[in-house]
Amino acid sequence: MSKTRVLYVEDEEVLAMLVRDHLERNGFEVHWVANGNEAEAIFREVKPDLCILDIMLPGLSGYEIGKVIRAVDKAVPIIFLTARSESKDVVEGFKSGGNDYLKKPFSLEELMARINNLLSMAGRTSPGQYKIGDLSFDPVRMVIQTGDQSVSLSHRENELLKMLIAMVGRPVERKEILLQLWGDDHFFNSRNLDVYITRLRKYLKMDPDIQLITLKGVGYQLVEG
Ligand code: CA
């Protein structure tokens, strides 16, 4: 599973370090650029899932970068950051292809909330979410969904799917699952696991290309079609 990539253009180094560290701790892959003139090349190279653009920069301004990005990608979410707060700037920001606008100083929590909001509107997954086939799995909300279909998972179903999806395409040992989910591999728990596997198979049928295979004497393997 690849990380959500962020292009972050910011010339204030102290702020840039704070934001970058925070995003990285939240599972994002951050590509930081301090000069507006370098942004386009990095954008083309990285193909980010989201852009965070400061306005006042050496080289191209954030607005100019926004226009350049919109010329090649109509969909990627863009958040503008600015120290200025006049309303004409807000208008200018949206005209330059911005999806959101955050005034400095802002809290890291506010930035994260805006990012997650834009990513979910864009149908892109946040770092905490998994994508397999047509399904997305959110282990925090304990939900699998595709289109308008969704299934809520029990705690153990959720834990089991997390183990399997983290190892997609590779075998997960039955014993390892039993130890992690029940703390021991007694016969009773082993029969319980069969029940959970059957239930997950039923849920995963929302995408017929996904298979949860039994590897006899070993364990299970989740396979994307
Ligand atoms: Ca600046």
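Just so it is clear, none of the values below were taken in a lab; they were calculated from the coordinates. Owing to the predicted nature of the structure, the values given are computational and were not obtained by experimental measurement. Cβ sites come from the backbone with ideal geometry, for glycine too, and all protein chains shown count toward neighbours.
Indicate, rounded to the nearest 5 percent, the antiparallel portion of the DSSP beta bridges found entirely in the chain. Given both bridge residues lie in the chain, the antiparallel proportion sits at roughly 50 percent. The relative contact order of the range 130-224 comes to 31 percent, based on Cα pairs under 8 Å that sit 6 or more residues apart.
In the chain, Rg over Rh equals 1.10, where Rg is the alpha-carbon radius of gyration and Rh the Kirkwood radius from pairwise Cα distances. Computed over the chain with a Gaussian network model linking Cα atoms closer than 10 Å, the most mobile of Asn35, Asn116, Asn192 is Asn192.
Taking only Cα atoms and a 10 Å spring cutoff, compute GNM fluctuations for the chain and point out the largest among Ser96, Ser136, Ser154. Checking each option, the largest mean-square fluctuation is seen for Ser154.
Of the residues His22, Leu53, Phe43, the one whose Cα sits farthest towards the positive end of the charge dipole of the range 1-74 is Phe43 (charges of +1 on Lys and Arg Cβ, -1 on Asp and Glu Cβ, taken about the Cα centre). For the chain, modelled as a GNM with alpha-carbon contacts under 10 angstrom, which of His186, His22, His31 fluctuates the most? Per the Cα network of the chain with a 10 Å cutoff, His186 tops the list.
Mean separation of Cα pairs under 8 Å and 6 or more residues apart, divided by the residue count, gives the chain a relative contact order of 13 percent. Sequentially through the range 11-26, phi angles give Karplus couplings (6.51, -1.76, 1.60; θ = phi - 60°) of 9, 8, 5, 5, 4, 4, 5, 4, 5, 4, 4, 5, 5, 5, 5, 8 Hz, Gly and Pro residues having no value and appearing as x. Rounded to whole numbers, the Karplus 3J(HN,Hα) couplings from phi for the range 162-170 are 4, 4, 5, 6, 5, 10, 3, x, 10 Hz, using 6.51 cos²θ - 1.76 cosθ + 1.60 with θ = phi - 60°, and x at Gly and Pro. Around the Cα centre of the chain, unit charges on the Cβ atoms of Lys, Arg, Asp and Glu (plus for the first two, minus for the last two) sum to a dipole of about 820 debye.
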